[in-house]
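The structure under discussion appears below in the form of structure tokens.
The values are calculated or read from the model by the stated rules, or taken from the named source; none is laboratory data. For clarity, every value in this text was computed on a predicted model and none was experimentally measured. Every residue, glycine among them, receives a Cβ derived from its backbone with ideal geometry; neighbour counts consider all protein chains shown.
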Amino acid sequence: MAKKLEFPKNFLWGGATAANQIEGAYDVDGKTLSLLEMIPYVELKDRTDIEASRKLTKQDILDSIDNKKGLHYPKRFGNDFYNRYKEDIRLFKEAGLKVFRMSVAWTRIFPNGNDEKPNATGMSFYKNVFEECKAQGLEVMLTINHFDLPFWVIQKGLTWRDKELSDCYLRFAKLLMDEFNGYVKYWLPFNEINLGVLITRQFSDKEQEGGVMQKILSSYGDLHKQFVAQAKVVEYSKKYPHIKVGCMVADTTSYPIDCNPINVLENQRMEHMKKFFYYDVMVKGEYPGYALRMFKEYGVEINKEAGDDELLKKFPVEFISFSYYMSGTVSKETGQMTEGNILKVGKNPFLKATEWGWQIDPMGLRYCLNQLWDMYRVPLFISENGIGVSEVLNDNNTVEDDYRIEYLGQHFEQMSEAIKDGVNLFGYTMWTPIDVVSAGSNEMSKRYGMIFVDYDDYHRGTGDRFLKKSYKWFQNFMKTKEI
Ligand code: BGP
């Protein structure tokens, strides 16, 4: 029997994407390469072993410039949004979406970083996209930087610790706000700030030997610069009182593996360092004591500059946004900060997982929403949530994706429960309304969309769009709020 869910009338239902996973057109209209466009597609024997697709040296990256090895670089092609955006935005509108989350490719706007003027063709591409959203009645949420660091950053050997990088970023961010504040109400300076910095470090010259643990420890100094840059974006946004700036964190709910106090405490420690640390700095504007203690014990240098603390305190984000895909477990044993398991989550025997090992946990979303509201009391927005499945079109040119209908419906139900619990949740953008290139594995076949895109992992296909069963289901959900 259908169940009716309760949501506020003006709840922002939407879909999320990222420039580097949809646009393609990597070398047209003055655009230069970004780091993610230098990572080749690698067929994985074990789909849960994402690390295997990322074992790249700096030389591999350099060789990819003129593709000497004839490899395929999926993020150079995306799903062809650059050429098909009108059709896509129309389909989003017809699905019932009210808001479209997207990002801007930095390398389309400042192809060389220090260009005297922004690239006019790049600017007009985004203006046209925003105009189209406006024409279709879609609000825009804009991520200023969604992982796609320009390649010139790597060539110059820069990290966020270098002033040159934050200066260029701020120039880019301010330009976007000045030019597009009339189209974009919601702004996210960095996608998944708790993961992004690690991507940069991975290819940095300044990366020390020492594995994942060392990378994480080194990343805190970079993060501080990003926190400061984000606070400066918030400060700048005050010029335009009608816009709002939020943070974006990759959130996973984590449970202690059992009630042994050692494991409960270990889970708290992991929650602190994997998520609350970020919210504390960006929402409360202060470094929490547990982090300061950890920095001291591990010899982490933050190198704060005079005025940084005041800036963080004075310009916190106005709302929290986060991605939520899964939950995991923590035990003292698996929770050790050692190489190999720091970014992974432990198994939970009560949950099913996707082909990629992502454990499906709708109730974990309600738990997470309550935690964040209890702790921070700022409006919440789920900026990513969805299920990646390998799919093919059937003879009727559709996909019977009942598992996606189930996944979305169960998550919507828990969101509605959290709202009843008193949580101020004001919107949700699913990842993603349309099939895109996977961020982590570079596959096209890890599909999240309600709209199927006819490209395979090597970008073979027509690129045509087809509606899956979930598209029709979502359309109906928007009208009835019934699951
Ligand atoms: C988030 C990213 C997105 C997105 C999503 C799904 O971490 O912000 O860009 O792709 O995860 O991940 P994946 O594409 O690896 O399945």
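Which condition from (1) within 18 Å of residue 325 (Cα to Cα); (2) crowded, with 21+ Cβ neighbours inside 10 Å is the one that residue 399 breaks?
(1)
If residue 245 meets every condition in (1) surrounded by fewer than 22 Cβ atoms within 10 Å (Cβ to Cβ); (2) modelled with pLDDT of 95 or more apart from one, which number is that one?
Here residue 245 clears every test but (1).
Out of the residues in segment 128-162 meeting the condition of being in a helix (DSSP H, G or I) and at pLDDT below 90, tell me which one is farthest from residue 16 (Cα to Cα). Walk me through how you get there before you give the answer.
Going residue by residue through segment 128-162, those that are in a helix (DSSP H, G or I) are 128-135, 151-155.
The next check asks that each one be at pLDDT below 90; those that pass are 154-155.
Values: 154: 27, 155: 30 Å.
Out of the qualifying residues, it is 155.
List, please: which pairs have Cβ atoms under 9 Å, are six or more places apart or on different chains, and start with a residue in segment 439-452 that is closer than 16 Å to residue 45 by Cβ and among the acidic types (Asp, Glu) and end with one that is at pLDDT 95 or above and more than 8 Å from the ligand (Cβ to nearest atom)?
Pairs found: 443/74; 443/390; 443/457.
Working only within segment 342-374, note down all residues that are of a type in the set (Ser, Thr, Tyr) and either away from the ligand (no atom under 14 Å from the Cβ) or part of a strand (DSSP E or B) (or both). Spell out the reasoning first.
In the first step, residues of segment 342-374 are kept if they are of a type in the set (Ser, Thr, Tyr); the result is 354, 367.
If the condition is that a residue be of a type in the set (Ser, Thr, Tyr) and either away from the ligand (no atom under 14 Å from the Cβ) or part of a strand (DSSP E or B) (or both), then 367 is the only one that fits.
Does residue 92 satisfy the condition of being more than 16 Å from the ligand (Cβ to nearest atom) and either under 24 Å from residue 158 (Cα atoms) or modelled with pLDDT of 90 or more (or both)?
On the way: more than 16 Å from the ligand (Cβ to nearest atom): yes; either under 24 Å from residue 158 (Cα atoms) or modelled with pLDDT of 90 or more (or both): yes.
Here the answer is yes, as residue 92 does meet what is asked.
In segment 311-327, what residues are assigned to a loop (DSSP other than H, G, I, E, B) and among the charged types (D, E, K, R)? So that I can check it myself, show each step before the final result.
If we filter segment 311-327 for residues that are assigned to a loop (DSSP other than H, G, I, E, B), which is where we start, we get 315-318.
318, the sole residue that qualifies.
Could you list all residues from segment 163-191 that are away from the ligand (no atom under 16 Å from the Cβ) and part of a loop (DSSP other than H, G, I, E, B)?
Those that are away from the ligand (no atom under 16 Å from the Cβ) and part of a loop (DSSP other than H, G, I, E, B): 181, 182, 183.
Tell me, which helices (runs of 4 or more DSSP H) wholly within segment 17-127 include 2 or more residues that are under 30 Å from residue 472 (Cβ atoms), within 20 Å of the chain's Cα centre (by Cα) and not acidic (Asp, Glu)? So that I can check it myself, show each step before the final result.
Working: elements: 19-22, 58-63, 81-95, 106-109.
The qualifying helices (runs of 4 or more DSSP H) are 19-22, 81-95.
Checking residue 24 against (1) on the phi > 0 side of the Ramachandran plot; (2) within 16 Å of the ligand (Cβ to nearest atom); (3) at pLDDT below 95, only one condition comes out false. Which one?
That leaves (3) as the condition not met.
Looking only at segment 416-433, which residues are over 15 Å from residue 320 (Cα atoms), of a type in the set (A, V, I, L, M, F, W, C) and in contact with a helix residue (DSSP H, G or I) (Cβ under 9 Å, 6 or more places away or on another chain)? Let's see the steps before the verdict.
Of the residues in segment 416-433, the ones over 15 Å from residue 320 (Cα atoms) are 416-422, 430-433.
Pick out the ones that are also of a type in the set (A, V, I, L, M, F, W, C) and you get 418-419, 430-431.
Of everything in segment 416-433, those that are over 15 Å from residue 320 (Cα atoms), of a type in the set (A, V, I, L, M, F, W, C) and in contact with a helix residue (DSSP H, G or I) (Cβ under 9 Å, 6 or more places away or on another chain) turn out to be 418, 419, 430.
Can you find a residue that is modelled with pLDDT of 90 or more, of a type in the set (S, T, N, Q) and under 22 Å from residue 261 (Cβ atoms) anywhere in segment 309-327? Even if it seems obvious, please write down each step before you answer.
So the first thing to find is which residues in segment 309-327 are modelled with pLDDT of 90 or more, and the list is 309-327.
From what's left, of a type in the set (S, T, N, Q): 321, 323, 327.
From what's left, under 22 Å from residue 261 (Cβ atoms): 327.
For segment 309-327, residues modelled with pLDDT of 90 or more, of a type in the set (S, T, N, Q) and under 22 Å from residue 261 (Cβ atoms): present.
Kindly indicate which of 402, 421, 435 is within 16 Å of the ligand (Cβ to nearest atom), among the charged types (D, E, K, R) and out of contact with any Ser or Thr (no Cβ under 8 Å at 6 or more places or on another chain). I'd like the intermediate steps shown before the answer.
On the way: 402 fails: within 16 Å of the ligand (Cβ to nearest atom); 421 fails: within 16 Å of the ligand (Cβ to nearest atom).
Every option except 435 fails the conditions.
Quick grid of which residues meet (1) acidic (Asp, Glu); (2) within 16 Å of the ligand (Cβ to nearest atom):
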residue: 376; (1), (2): no, no
residue: 381; (1), (2): no, yes
residue: 398; (1), (2): no, no
residue: 406; (1), (2): yes, no
residue: 430; (1), (2): no, yes
residue: 449; (1), (2): no, yes
residue: 463; (1), (2): no, no
residue: 468; (1), (2): no, no
residue: 473; (1), (2): no, no
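Mind counting the residues in segment 441-479 that are of a type in the set (D, E, K, R) and closer than 20 Å to residue 325 by Cβ?
Restricting attention to segment 441-479, the residues satisfying the condition of being of a type in the set (D, E, K, R) are 443, 446-447, 454, 456-457, 460, 464-465, 468-469, 472, 479.
Still in the running and closer than 20 Å to residue 325 by Cβ: 443, 446-447, 468.
Qualifying residue count for the region: 4.
Given the options 445, 416, name the one that is more than 23 Å from residue 250 (Cβ to Cβ) and among the hydroxyl-bearing types (Ser, Thr, Tyr). Please lay out each step first, then the result.
Working: 445 fails: more than 23 Å from residue 250 (Cβ to Cβ).
Testing whether each residue is more than 23 Å from residue 250 (Cβ to Cβ) and among the hydroxyl-bearing types (Ser, Thr, Tyr) leaves just 416.
Quick test of your reading of the structure: residue 13 fulfils all but one of (1) within 18 Å of the chain's Cα centre (by Cα); (2) modelled with pLDDT under 95. Name the failing condition by number.
Against the list (1) within 18 Å of the chain's Cα centre (by Cα); (2) modelled with pLDDT under 95, residue 13 comes up short only on (2).
Would you confirm whether any residue within segment 318-335 is among the hydrophobic types (A, V, I, L, M, F, W, C), surrounded by 15 or more Cβ atoms within 10 Å (Cβ to Cβ) and more than 25 Å from the chain's Cα centre (by Cα)?
Narrowing segment 318-335 to residues among the hydrophobic types (A, V, I, L, M, F, W, C): 319-320, 322, 326, 330.
Among the residues that remain, those that are also surrounded by 15 or more Cβ atoms within 10 Å (Cβ to Cβ) are: 319-320, 322, 326, 330.
From what's left, more than 25 Å from the chain's Cα centre (by Cα): none.
No, segment 318-335 contains no residue that is among the hydrophobic types (A, V, I, L, M, F, W, C), surrounded by 15 or more Cβ atoms within 10 Å (Cβ to Cβ) and more than 25 Å from the chain's Cα centre (by Cα).
Can you give me the number of residues within segment 130-171 that are farther than 18 Å from residue 247 by Cβ and out of contact with any strand residue (DSSP E or B) (no Cβ under 7 Å at 6 or more places or on another chain)?
Within segment 130-171, residues that are farther than 18 Å from residue 247 by Cβ and out of contact with any strand residue (DSSP E or B) (no Cβ under 7 Å at 6 or more places or on another chain) number 22.
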